[in-house]
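Notes to accompany the following structure.
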Amino acid sequence: MGAWFVMALSAIGRVPVPLLTLVLVMAVLAAVHHAEVVAHKVGEPFGTFLLALAVTVIELGLIVTIMSAAGEDAATLARDTVFAAVMLIVNGVVGICLLIGGVRHGEQVFQQSGVSASLATLSALTVLTLVLPNFTLSEPGPVYAPSQLGFVATVSFLLYATFVLVQTVRHRDYFLPDQPTAADEDAHAAPPPRRRAILSGMALLLCLVAVVLLAKTLAPAIEAGVSAIGAPRALVGVIIAALVLLPESVAATRAAFANRLQTSLNLGLGSALATIGLTIPAVAGLSLFMGLPIALGLDAKSTVLLFLTLIVATLSLGTGRTTILQGAVHLMILAVYLFTTVVP
């Protein structure tokens, strides 16, 4: 409620940036708490899927709103947001989880079959949407022709829908831990009552909406700060994406700390898949319907970093066991991505 009150104040007057930031952090922590209650009630992998889906749908609404208002100035918004989200999740969230889990527990294990399926789907989605546009011939530049855009958007949605079917119905066991760990207290605790789970689900939605709206409210201050230090405008998209992804990041980190790496990977990789599988079809539909330009192809530097990320993720998560080394490698790639964003 406090977050909504502060946003109401910001609509009628100026609210200090530190207060907005504090309320944002509180909304994130509240969202994580309610997400864990819902996840405990519905079980894995439904809990992590619902959190990833909720955040992505709200983030998608924010992107579509900005694109509709900005018109031609938002041609690269979807590309920059999706790429930033993938890099922050696969290198940042996954890297922190592997590092924290390795420091606290030495070696952690997970279901390789589910993670491999996630990475295969993620690789296909990222290359088809962010790399292939640079090599098609129907339209010059990093763009798809309208027919190509519609086809790739359909393929992306079908790939994501198939992944969701596999994760939640056909092969749900691929995304469950082999056995509960001693550190996982939730494995033995009784699920919360249905009424509490429903209330937590409603509160989770309100908290997530508050996080996105607060991030949007902070955007002008972030843009001013980025301009003041002379950094490229692309850094704004990275910061906004990081703020929007905070609830999932905190939830994934807490799961890794409790030796539930499978939950962390379900959250992280599932969120990256939802970001591409839902965002690209939606913005493609908006582009085709309203005639707005949309550039999806990455530049050469970003393409190299994307391929490096996918290769390293496939290798580091290819054995079903992780240590601090894999976490450190992912975090170093994230550091390079952030640095080259500021100093291109």
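The values are calculated or read from the model by the stated rules, or taken from the named source; none is laboratory data. The structure presented is a predicted model; accordingly, all values stated were derived computationally and were not measured. Note: ideal-geometry Cβ built from the backbone for every residue, glycine included; neighbour counts use all protein chains shown. Accessible surface is based on the protein model in full, side chains and every heavy atom, while ligands, DNA and RNA are left aside. Shrake-Rupley method; radii C 1.70, N 1.55, O 1.52, S 1.80 Å.
Structure values in brief
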| read-out | value |
| --- | --- |
| Within the range 135-160, tally of residues that are within 28 Å of Q262 (Cβ to Cβ) and either among the hydroxyl-bearing types (S, T, Y) or open to solvent by less than 40 Å² (accessible area, probe 1.4 Å) (or both) | 2 |
| Failed criterion for A3 (all others in (1) part of a helix (DSSP H, G or I); (2) open to solvent by 50 Å² or more (accessible area, probe 1.4 Å); (3) modelled with pLDDT under 75; (4) not β-branched (V, I, T) hold) | (2) |
| Single residue of L292, L308, L296 found to be in a helix (DSSP H, G or I) and either farther than 22 Å from T129 by Cβ or of a type in the set (A, V, I, L, M, F, W, C) (or both) | L308 |
| Residue check, L292 closer than 25 Å to V25 by Cα and open to solvent by 20 Å² or more (accessible area, probe 1.4 Å) | no |
| Residue count for the range 18-50, restricted to those that are closer than 19 Å to P177 by Cβ, at pLDDT 70 or above and β-branched (V, I, T) | 2 |
| From A272, A255, residue being modelled with pLDDT under 95, closer than 16 Å to L122 by Cβ and part of a helix (DSSP H, G or I) | A272 |
| Residue list for the range 86-114, filter: of a type in the set (V, I, T) and under 14 Å from N259 (Cα atoms) | V94, I96, I100, V103, V109 |
| Within the range 71-87, tally of residues that are modelled with pLDDT under 65 and open to solvent by less than 40 Å² (accessible area, probe 1.4 Å) | 1 |
| L308 vs. criteria among the aliphatic types (A, V, I, L, M) and in contact (Cβ under 8 Å) with a residue 40 or more places away in the chain | no |
| Failed item in (1) within 29 Å of M332 (Cα to Cα); (2) surrounded by fewer than 23 Cβ atoms within 10 Å (Cβ to Cβ); (3) not charged (D, E, K, R), with L98 passing the rest | (2) |
| Test for A251: is it touching a strand residue (DSSP E or B) at 6+ places or on another chain (Cβ under 9 Å) and in contact (Cβ under 8 Å) with a residue 12 or more places away in the chain | no |
